[in-house]
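What follows draws every value from the coordinates through simple rules; no lab data is involved. Because the structure is predicted, anything quoted here is derived from the model rather than measured. Glycine gets a Cβ as well: all are built from the backbone with ideal geometry, and neighbour counts include every protein chain shown.
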Amino acid sequence: MHTSGRGEHDPAKLLLGRDGADVLRNEEGTAIIGDPLNDSHVFMSQMHLAFARAHNAFVERAREARVEDTGVFEHAARELRWHYQRVVVPEYLPGL
């Protein structure tokens, strides 16, 4: 779980598992992600974790840039999408 500097949950950040080293899981150990079936493959689970951690880093960057609190989540989500597209479009797609 991510908290602000004051110890409370930061609503702009995505929740992570213990110490941010795993996706968030319920008491049965099931990943709390868009499609829990994606947790059956380590690669997909780790991709979820990587995107959640990247989103949270973009939240920090948005706060440093003094983005208004009401727009921080959406700003971070947009930055992450653009970052992903900058990797996929010129690097991955030409190889297909």
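Only one residue in GLU79, GLU91 is in contact with a Phe, Trp or Tyr (Cβ under 7 Å, 6 or more places away or on another chain), more than 20 Å from GLY17 (Cα to Cα) and either of a type in the set (Gly, Ala, Ser) or part of a helix (DSSP H, G or I) (or both). Which one? Talk me through it step by step, then tell me what you get.
Values: GLU91 fails: in contact with a Phe, Trp or Tyr (Cβ under 7 Å, 6 or more places away or on another chain).
Going through GLU79, GLU91 in turn, just one is in contact with a Phe, Trp or Tyr (Cβ under 7 Å, 6 or more places away or on another chain), more than 20 Å from GLY17 (Cα to Cα) and either of a type in the set (Gly, Ala, Ser) or part of a helix (DSSP H, G or I) (or both): GLU79.
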Taking the residues in the range 35-74 that are of a type in the set (D, E, K, R) and not in a helix (DSSP H, G or I) as candidates, determine which candidate is surrounded by the fewest Cβ atoms within 10 Å (Cβ to Cβ).
-> ARG66
Long-range neighbours under 9 Å by Cβ, at least six apart or interchain, first residue more than 16 Å from ALA12 (Cα to Cα) and without any contact (Cβ under 8 Å) to a residue 12 or more places away in the chain within the range 42-70, second part of a helix (DSSP H, G or I) and not aromatic (Phe, Trp, Tyr) | MET44/LEU37; MET44/ASN38; MET47/ASN38
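Within the range 5-34, how many residues turn out to be surrounded by 10 or more Cβ atoms within 10 Å (Cβ to Cβ) and on the phi > 0 side of the Ramachandran plot?
From the range 5-34, those surrounded by 10 or more Cβ atoms within 10 Å (Cβ to Cβ) are 9-17, 20, 22-25, 30-33; that's our starting set.
Next cut, on the phi > 0 side of the Ramachandran plot only: 20.
The qualifying residues number 1.
Looking at the range 65-73, can you tell me whether even one residue there is at negative phi and in contact with a Gly (Cβ under 6 Å, 6 or more places away or on another chain)?
So the first thing to find is which residues in the range 65-73 are at negative phi, and the list is 65, 67-73.
Going one step further and asking which of them are in contact with a Gly (Cβ under 6 Å, 6 or more places away or on another chain), we end up with none.
No - not one qualifying residue is present in the range 65-73.
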